[in-house]
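Here is the structure we will look at, set down as structure tokens.
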């Protein structure tokens, strides 16, 4: 009997195991997870900290027992893979004090990403907290329960979502971001300024262009020190991003790409035969930039897991085509989304482009409840092909705008294609001139 072993029980790993089982009912499929949780939702951690999600168990789709029973997949939790022997096709696993070897015919690596913590004095003090795995949710909640002033290092997705959660818990929040804007790797400065202004209005003490130098305290956190100031705090949340968890792959010579993540082909195969990799561990092909990038997000991870599991079970039957960089977040009732490339990415990759930002409303002007939204669109200079879009507004519909734009970009539509697209209209859901069509029209410079 063939054995397919999957390391990592998150989005990519669980998806790979489930797909392999569906396509090969005769194979033994084994899923190995270091923590006690599989099919978990790291993106839900801020909402669990806030109390919107009532318990860590709610962040799980399947328990290990349910996954075994319903999917017919053997699951080992609280089990760490400490070594891989690609020649003998064995993994060494540690559970408690015992270590055993497990053989495999096909191996899928889905070890995800881990926090990228700054190397500064005091980073190991008590009440310095990183946000990554739902298994740590209860610890995070206990650690923050009696704290009044919380420092957040980093103004990206995790930082913004944790800032919202802490505000709702009645905490004072000081956010330190080393660049001159929030969401520096995903949103352009003009829209980032709208987000920053709103965060400050809601009570965030936002400190841009300040670099963390030190975290001070005797036994626990007492103060944050930056290159410009000092701030008294009771706890610090490190939200400076993540990096691919390549510990196991480095030991056995699996190739990494320019981004530092594992390099795979469209079949999710690594450079070592019969070893696949998927999820936040690996690079993705960017359809607009025509190169490998590292964008650690759950939707791609789930799909990559499907591809890896299918191919581990049946050979090269599925391909992962790549991504366009679609992502979304929110702060309070301000929704933020993007897809394609930003101006910064266009400049860095020598893409000649034009960009416009428009202001529009989400409903007909006379219909109650409409709000103002900002939409930014980028087109390739010569072809007028749409290559990027961003949206910010106090209505979840802006996320749907960007979902539409992700398809527009993937299908290589130009502004004329978008302008003449048959988007729906009714006063309660959109103006007669849909904001996306207005953006295309503005970019046409009077042609449309």
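Values in this text are rule-based calculations from the coordinates and carry no lab data. What you see is a predicted model, and the numbers here were worked out from it, not measured in a lab. Here Cβ is always computed from backbone atoms with ideal geometry, including for glycine, and neighbour counts include all displayed protein chains.
Of note:
- Fewest neighbouring Cβ atoms within 10 Å first, the residues 434, 365 line up as 365, 434.
- Relative contact order for segment 327-443, counting Cα pairs under 8 Å that sit 6 or more residues apart, in percent: 29 percent
- Distance from segment 76-120 to segment 314-358 (C-alpha centre basis), Å: 32 Å
- Of all DSSP beta bridges in the chain, antiparallel share, percent nearest 5: 60 percent
- GNM flexibility winner over the chain from 26, 177, 161 (Cα, springs under 10 Å): 26
- The DSSP beta bridges internal to segment 117-240 are antiparallel in roughly 30% of cases.
- For the pair residue 116 and residue 214 in one chain, pulling the backbone fully straight at 0.36 nm per residue adds 33.7 nm over the alpha carbon distance.
- Rounded FRET efficiency, nearest 0.05, which uses the C-beta distance separating residue 403 from residue 231 and R0 of 35 Å: 0.35
- Global form of segment 95-175, assessed from the alpha-carbon gyration tensor, a/c cut-off 1.5: prolate
- Separation of segment 171-194 and segment 50-74, taken as the distance between their Cα centroids, equals 34 angstrom.
- Ellipticity estimate at 222 nm from DSSP helix runs (n ≥ 4, -39,500 (n - 2.57)) divided over the chain, nearest 500: -7500 deg cm²/dmol
- For residue 416 and residue 316, a Förster radius of 51 Å and the Cβ-Cβ distance give a FRET efficiency of 0.85, rounded to the nearest 0.05.
- Among 435, 25, 299, residue whose mean-square fluctuation peaks in a GNM of the chain (springs only between Cα atoms under 10 Å): 25
- Label positions at residue 250 and residue 361, each projected 7 Å from the Cα along the C-beta direction, are separated by 5.6 nm.
- Relative contact order of the chain, defined on C-alpha pairs under 8 angstrom at six or more residues apart (%): 14 percent
- Gain on full stretching of the segment that runs from residue 202 to residue 447 - 0.36 nm per residue minus C-alpha separation: 84.1 nm
- Potential lengthening of the chain between residue 333 and residue 148 amounts to 64.3 nm, from the contour at 0.36 nm per residue minus the alpha-carbon distance.
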